[in-house]
Amino acid sequence: MRKVLIIDDDIAVCDSLKFAFRRKYDCSFANDELIAKKLFKQYDFDVVLLDMRLGKSDGMSLFYELKSLNEHVVVIIMTAFGTIKSSIDAIKKGAFDYITKPIDLDEIELTIEKGIEHNKLLSEIHYLNQKLKKCELEGTVFKSRAMQKILQTVEKVKDIDTNILITGESGTGKEVIAKAIHYQGKRKDEKFIAINCSAIPSALLESELFGHEAGAFSGAIKQKRGLFEIADHGSLFLDEIGEMDILLQSKLLRAIQEKEISPVGSNRSKKIDVRIIAATNRDLSKSISDGTFREDLYYRLNVINIHLPPLKDRREDIPDLVNYFIKKYNQELSKSVTKVTAEFLNCVQNFEFKGNIRELENVVERAVALSENAVLDEKDLPAYMREIRYRWQHDENLIPIFIGEPLKEVEKRVILKNFEAFNKNQKLTALKLGVTDRTIRNKLKEYEIE
């Protein structure tokens, strides 16, 4: 139910409006500035009905103060005929509309509904802008079999409301997959809300998730909606769920089971319709054994598990990721990098990114930012990456194999490297490689090696 604040020094007007709208809006009223400001700071109102004259006070000064506290609140001015000019001035300053006294209930209800709809449209525009920013990697094509399987799973689960647990190392793209599930599914027009459970102290996390009433704890001077309520009809992404305090896990479990929440400091419940997508880089089965994670919550969350492999196990995706990040940082940094050299790509593809996609992104961002050319070369990479490449290039016991390299070229390099290492002894080379002498002889002849 939308919250409406009626500010008028005429108690009869306040009572009649509150009575008329009792079934449609949650109305509060104030007869002077002090009460109005106190209520406004305490609750989140959707609409304010403000009389231009509050006894000897001018309603405009209160209007400016309310707008400074919440610039998005819909303020509708109630005015007598003689103050219409002031009301028009208020509209120029940010008021939504004005109505003249004596008040027509149908007119004021229609104006309130228009104001709510106006704010809803502004909110949707903001949401869509955020959605465009958040749909990262949307244009990236994942070529690895592992990611193809994961995308097939996303396609299967996107339109069902089953809870999902995404697991994998830090930086593997768990939030990207969570967004893909939301934005490709039936809830795509509703909100996607993400929260990192490890980034907020447990004492505050409960309030963030479930909201709180004014005065619920020290510093809670205003009622606050929680993320469950904000994400209603949409999706809530609980990142690093394994870090959540075990006491708070009990309340989360109840919210998932009962599909209702209770704000901190409140004894009333609110029904919610939220899809839960959780993620962790921890082994939750071990956390259950350690007593730091509830087993019943684990089974509630882990109805469908999606495990993201580390980047080292899907190196085929690296070229497309590099191209994506180049385009991204060209735009952000006003650069014009067009491509990378084979040496750059080989070095990146053969490097073990312990931070996975996040570390790869940092490397590409740095290269784009510092490069003075349109082509990124090996020299644009950090020194530690080049040193590792130099070491394996000069290690006699290593044979490099590059992603996308033809199998014939790999076979030739392996045979010739072993042939040289075993002093050109065909029999020993064949023995070590597990093939026949004849195979080695024919291959050397093919390579024109005597």
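Listed values, structure above:
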read-out: Inter-label distance, nm, simple model (7 Å from Cα along the C-beta direction), residue 339/residue 417; value: 2.7
read-out: Length gained when the stretch residue 18-residue 80 is fully extended (0.36 nm per residue, less Cα-Cα span); value: 20.3 nm
read-out: R0 of 25 Å, Cβ-Cβ distance residue 286-residue 204: FRET efficiency to nearest 0.05; value: 0.40
read-out: Ranked list, fewest to most other Cβ atoms within 10 Å of each Cβ, for 161, 46; value: 161, 46
read-out: Length gained when the stretch residue 162-residue 221 is fully extended (0.36 nm per residue, less Cα-Cα span); value: 17.6 nm
read-out: MRE, 222 nm, helices only [DSSP H, n ≥ 4, -39500 (n - 2.57), over the chain, to nearest 500]; value: -15000 deg cm²/dmol
read-out: Three principal axis lengths of the range 283-334 [C-alpha, angstrom, descending]; value: 50, 24, 20
read-out: Over the range 135-309, relative contact order from alpha-carbon pairs under 8 Å, at least 6 apart, %; value: 32
read-out: Residue order, fewest to most surrounding Cβ atoms within 10 angstrom, among 210, 21; value: 21, 210
read-out: Normalised contact order of the range 291-440, rounded percent, pairs of Cα under 8 Å and 6 or more residues apart; value: 19
read-out: FRET efficiency for residue 152 and residue 109, using Cβ-Cβ distance with R0 set to 45 Å, rounded to 0.05; value: 0.35
read-out: Cα-based reach from residue 149 at 24 Å (exclusive), listing lysines while leaving out same-chain residues under 8 positions away; value: 134, 158, 174, 179, 186, 188, 312, 354
read-out: Residues with amide H under 5 Å from that of residue 264, placed H, sequence gap 5 or more; value: 211, 212, 213
read-out: The chain: DSSP helices with Cα axial extent of at least 27 Å and average Kyte-Doolittle hydropathy no lower than -1.0; value: 105-134
read-out: Inter-probe distance in nm under a simple model that places probes 7 Å from Cα toward Cβ, at residue 117 and residue 307; value: 5.2
read-out: Listed residues 426, 42, 152, most fluctuating in the chain (Gaussian network, C-alpha, under 10 Å); value: 426
read-out: Which of 433, 227 has the fewest Cβ neighbours within 10 Å, and the rest in rising order; value: 433, 227
read-out: Answer label, with Kirkwood radius over Cα pairs in Å calculated from the coordinates and candidates [x] 27.3; [y] 23.9; [z] 25.4; value: [x]
read-out: Within a Gaussian network of the chain (alpha carbon springs, distance under 10 Å), most fluctuating of 317, 380, 32; value: 32
read-out: Contour excess over end-to-end distance, with Cα ends at residue 100 and residue 362 and 0.36 nm allotted per residue; value: 88.4 nm
read-out: Share, in percent, of DSSP beta bridges within the chain that are antiparallel, nearest 5; value: 15
read-out: The chain: relative contact order in percent, alpha carbon pairs under 8 Å with at least 6 residues between; value: 12
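Read-outs throughout are calculated quantities, based only on the coordinates presented, and are distinct from any laboratory measurement. Just so it is clear, the model here is predicted, and its values are computed rather than measured. With ideal geometry, Cβ positions are generated from the backbone for all residues, glycine too; neighbour counts draw on all protein chains shown.
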